[in-house]
1. Identify all residues within region 198-239 that are surrounded by fewer than 17 Cβ atoms within 10 Å (Cβ to Cβ) and of a type in the set (Val, Ile, Thr); write none if there are none.
2. Run down Val138, Val195 and say which single residue is at negative phi, loosely packed, with under 13 Cβ neighbours inside 10 Å, β-branched (Val, Ile, Thr) and free of Cβ contacts under 8 Å to residues at least 40 places away in the same chain.
3. Exactly one condition in (1) free of Cβ contacts under 8 Å to residues at least 60 places away in the same chain; (2) outside any helix (DSSP H, G or I); (3) of a type in the set (A, V, I, L, M) is false for Leu162; which is it?
4. When Glu184 is evaluated against the numbered criteria (1) assigned to a helix (DSSP H, G or I); (2) touching a residue at least 12 places away in the same chain (Cβ under 8 Å); (3) under 54 Å from the mean Cα position of the chain (by Cα), which criterion, by number, is the only one it fails?
5. Just checking, which of Leu144, Leu205, Leu169 is among the hydrophobic types (A, V, I, L, M, F, W, C), touching a Lys or Arg at 6+ places or on another chain (Cβ under 6 Å) and within 18 Å of Asp132 (Cβ to Cβ)?
6. Among the residues of region 203-223, write down those that are within 57 Å of the chain's Cα centre (by Cα) and either over 18 Å from Glu183 (Cα atoms) or in a helix (DSSP H, G or I) (or both).
7. Out of Arg177, Arg143, I need the residue that is among the basic types (Lys, Arg) and surrounded by fewer than 16 Cβ atoms within 10 Å (Cβ to Cβ). Which one?
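Read-outs: derived from the displayed coordinates by stated rules, not from any lab. Keep in mind that this is a model prediction, so the values were computed, not measured. Because the Cβ atoms are built from the backbone with ideal geometry, glycine has one as well, and the counts that use them run over all protein chains shown.
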Amino acid sequence: MERKPVFLLAGLLFVFSLGWTPIAFSAPDPDPSRQKLDKTVQATLAVQKKTTNLRQGWQEERRALDDATHALELEIKLLEARREKLRGYSQQRLKEIARLETGLGEMTEIGIQLEPFLDELVDRIAAFQVADLPFSVVERERRLADLRQDLNSYDADLAEKLRRVMEVLKIEAGFGRGFEVSEEFLVLDGAETTVRMLRLGRVGLYYLSLDGDRAGWFNRNSKRWEPLSGASNEAVKEALRMTLKQRAFDLVRLPVAGGQP
């Protein structure tokens with residue numbers, strides 16, 4: 001058992017006596033062709049990645065451009081439709097302007113002829129009032145004088161003058177309808193007397209004194225007020241009561257303008 005250390009020690013001494021040198025192990029040198037291949041692969045992968053990124057960006061940009069192009073095409077169609085409508089509107093306006101210009105020329109010619117016609121019409125109204133039954137004389141003469149003043153006014157345009165003449169004509173035409181009772185002053189037997197005046201359209205004009213004793217009518221043939229008596233006097237009283245709604249309407253016998261009692 002004790003021989004083993006001796007032999008071990010002897011062995012070590014033998015090894016050292018032989019001049020043992022430690023051996024160093026190192027990695028084998030890389031292959032240059034392998035390095036070049038790796039670099040080529042890495043460069044190819046980088047190019048593919050960059051190409052993929054560029055392709056995706058280009059596709060997104062293309063989609064955006066397609067959407068913008070589609071929107072512009074729709075806007076172009078809308079603008080073309082509006083242009084067609086505006087062209088139609090323009091043609092209509094041109095026709096309207098031409099029509100208005102024609103109408104304006106006609107109105108100018110009508111205006112040249114209308115103004116003297118209105119003056120002539122007022123003269124005819126005045127002549128008609130003179131020949132008419134003598135009712136509301138002061139009011140009708142004042143209205144006619146105002147009308148003449150309006151026609152001679154420089155500030156009033158032709159349309160306003162025409163409106164005023166038509167207004168007076170309408171009032172005069174209205175006197176031919178309905179009936180009216182008013183208090184007037186008449187000269188009877190040389191004295192001014194207050195009477196109740198009854199106008200039946202333009203058919204007849206009658207009066208009755210406030211005391212009811214005297215009645216009369218305007219005779220258009222003689223252009224004078226003439227008294228009534230008897231049944232005609234009572235007929236005027238009854239007609240006044242009916243007009244004032246003091247009794248029911250009924251038939252009465254009255255003289256008419258241009259006729260006889």
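1. Val203
2. Going through Val138, Val195 in turn, the sole match is Val138.
3. Result: Leu162 passes all but (2).
4. That leaves (1) as the condition not met.
5. Leu205
6. From region 203-223, those within 57 Å of the chain's Cα centre (by Cα) are 203-208, 217-221, 223; that's our starting set.
If the condition is that a residue be within 57 Å of the chain's Cα centre (by Cα) and either over 18 Å from Glu183 (Cα atoms) or in a helix (DSSP H, G or I) (or both), then Val203, Asn219, Arg220, Asn221, Lys223 are the ones that fit.
7. Arg177
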